[in-house]
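Taking it in order: structure first as structure tokens, then the write-up.
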Amino acid sequence: MNHIPSEPPRRQIHPGSGRRKAPVYPKGRLLQASELDAVRALLGDRPRRRDLLIEYLHLIQDAEGCLPAGLLHGLAQEMRLPMAEVYEVASFYAHFDIVGDGERRPAPVTVRVCESLSCMLAGAEKLIAAVEQIGIEGVRVVRAPCMGRCASAPVAEVGHAHVDHASAQKISDVVASGDFRPGIPAYQDLDAYLAAGGYTQLRACLGGELALGRVIEELSDGGLLGLGGAGFPTGRKWQLVRQAPGPRLMVVNGDEGEPGTFKDRHYLESEPHKFLEGLLIGAWAVEAEAVYIYLRDEYPSAREILLKEIARIEAAGLAGHTRIELRRGAGAYICGEESAMIESIEGKRGLPRHRPPYVAEVGLFGRPTLVNNVETLFWIPEILGKGAAWFAGQGLNGAKGLRSFSVSGRVASPGVKLAPAGITTRALIEQHCGGMAEGHQFRAFLPGGASGGILPVAMADIPLDFGTLEKHGSFVGSHAVVILSDKDDLKQVARNLMAFFEDESCGQCTPCREGTAKASMLMAGGDWDRGLLEDLGQVMRDASICGLGQAAPNPLLSLLRHFPEELA
């Protein structure tokens, strides 16, 4: 009988070859049931909407002190989003701390020390060094951009508690207290505002006593402009949005991250209802189904005030014609740009959109959207109450209206200064700021924050208003005036401002992303190559997608133009 060989062993088939069904193995990170349960407990019965992603990332960050990978995974599962999408949003914003599996969590307490210009002038570097030298247990020290408290520089933030005129000892005392809640300043609440005649203009609009055409006419004749920095006529903007087909929405830009700017915070923390009445009138004017207030995360006190007072006006029936949602930024200067802000409200990275279309046509959730700044809305009830002629007559040197100047730096009395539009820098210092700080001589100034450039004292008699400084390579922007003296190194000032723009660039476009980094590197050296820096600055101005990259070279180029002695 012939030997019949046994069947040879079958060749192993690679699971991915398709020739044989392979066992199913989960790919990637495995979600634990406890992680999903923890996310569900934090979210409670809140809706699982895509646009609330950033709000829910804040819930986790506040509860855990970071964003653990497991809870990010659970959040993605609960909201039915790809993990990559949740991660890219969380990693975009500076106030979120992602911690991978097996990685060490950050210290329980975070101390952020502002290193932007006004705080730099007040000794931020020495403060950072002193705090690090103390080495407070359980504390990490983080360098941070402007916190909107420039009048009380240097500034630090312990948890959510701000420390004005900060010192290492003050910071240590707050840490020791264990109380990191935001302080709530005294402010005009709903009862006090109603007693002073508040919401009269809103009621007149809702009741038909004030027609839309009359309201737009008053704002236009009064010369009210967008006071976030663009200076677009407010009445005209309202008209354009109202003409667009509905449904329409409204967004309030409360993300004043420009170094040197703090006027919006001042009004939100002192007279919030004047702003809220203006907001409700704006929503009525454009028939906005909802209003989204985008507030920077550095303003926790203002957030607490708004949460409380919005609930009160809703209970009083003053907001029945719209819905108000308060959204919290997460540490991204770029979100002050209106289209980037809209992307952030939608729960995405704050990347500016290409225009056209403009947000008045295609804005939040694809709808026509009215975008106004906090201070712009703040003035509306008063203009409607006192009339266009009253507001327009407040200006000087051909300008119309009043302006809230955020003044910081080398003056005796920094702060928010209410002054006529068109006032000069010299008059602003002498009449509203008590003159220069002791021992300092006026040498230069920034008329519009970090973006506005640096001008010499010889230009201090030019009126501060939209359109007056552009021919000098500068602009008034958000009216953030930083005063510099003979004791300041202007090259160091320019390096500080460029480093800010480098850090805050969203990275979407090459001219801004690479230009700010290259400029910072070139400026770090002792000898500046004027021709190379001017060429680089011009490319950034001409080719960047949005205002950040277009304005980033202004401090550098204005220094080269007006202070040639600095290069000698």
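Remarks
- Length added when fully stretched, residue 169-residue 315, from 0.36 nm per residue minus Cα-Cα: 48.2 nm
- Over segment 267-338, volume per residue of the alpha carbon convex hull, in Å³: 89 Å³
- Segment 520-535 and segment 195-221 have Cα centres lying 53 Å from one another.
- Relative contact order computed over segment 127-278 (Cα-Cα under 8 Å; 6+ residues apart), in percent: 27 percent
- Cα lying deepest toward the dipole's positive end in segment 179-258, options 253, 226, 206, charges on Cβ: 206
- Distance-filtered residues of segment 451-477 - backbone nitrogen under 14 Å, label point 7 angstrom along residue 426 Cα→Cβ: 456-464
- Calculated FRET efficiency for the pair residue 214/residue 41, C-beta based, R₀ 41 Å, to 0.05: 0.20
- Cβ crowding within 10 Å averaged over residues, with 380-389, 473-482, 486-495, 154-163 ranked highest first: 473-482, 154-163, 380-389, 486-495
- Partners for residue 274 among aspartates and glutamates (Cα-Cα distance below 14 Å; same-chain residues under 8 apart left out): 189, 191, 264, 309, 375, 382
- Here the peptides 259-270, 397-408 are ranked by packing, the mean other Cβ count within 10 Å, and the order with the highest first is 259-270, 397-408.
- Segment 123-156-segment 266-339 distance, computed between alpha-carbon centres (Å): 30 Å
- Note on residue 566 and residue 543: with the Förster distance fixed at 30 Å, the Cβ-Cβ geometry gives a FRET efficiency of about 0.65.
- Antiparallel DSSP beta bridges within segment 65-221, as percent of all bridges there, nearest 5: 45 percent
- Taking Cα centre as origin and charging only the Cβ of basic (Lys, Arg, +1) and acidic (Asp, Glu, -1) residues, the dipole magnitude of the chain rounds to 1560 debye.
- Restricting the trypsin sites (Lys or Arg not before Pro) of segment 110-157 to loop positions (DSSP other than H, G, I, E, B) with no more than 14 neighbouring Cβ atoms within 10 Å leaves nothing.
- Label assignment, P(r) over Cα pairs in 20 Å bins from 0, in percent derived from the structure, set (i) 22, 57, 21, 1; (ii) 16, 42, 35, 6, 0; (iii) 19, 52, 23, 4, 2, 0, 0: (iii)
- Where both bridge residues fall in the chain, DSSP classifies roughly 40% of the beta bridges as antiparallel.
- Sites residue 491 and residue 471 - FRET efficiency at Förster radius 22 Å, r taken between beta-carbons, to 0.05: 0.35
- Taking only protein heavy atoms and a 1.4 Å probe, the accessible area of segment 353-459 is 50% carbon and sulfur.
- Modelled label positions at residue 98 and residue 137, each set 7 Å beyond Cα in the direction of Cβ, lie 3.3 nm from each other.
- 31 Å Cα-Cα threshold exceeded, pairs from 400/471; 126/491; 237/386; 27/518: 27/518
- Entry note, the chain: relative contact order of 12 percent, from Cα contacts under 8 Å with a spacing of 6+ residues.
The values are calculated or read from the model by the stated rules, or taken from the named source; none is laboratory data. Treat the numbers as computed from the prediction; the structure is a model and nothing was measured. Please note: Cβ atoms are built from the backbone with ideal geometry, for glycine as well, and neighbour counts cover all protein chains shown. Heads up: the accessible areas ignore ligands, DNA and RNA and are worked out on the full protein's heavy atoms, side chains in. Shrake-Rupley method; radii C 1.70, N 1.55, O 1.52, S 1.80 Å.
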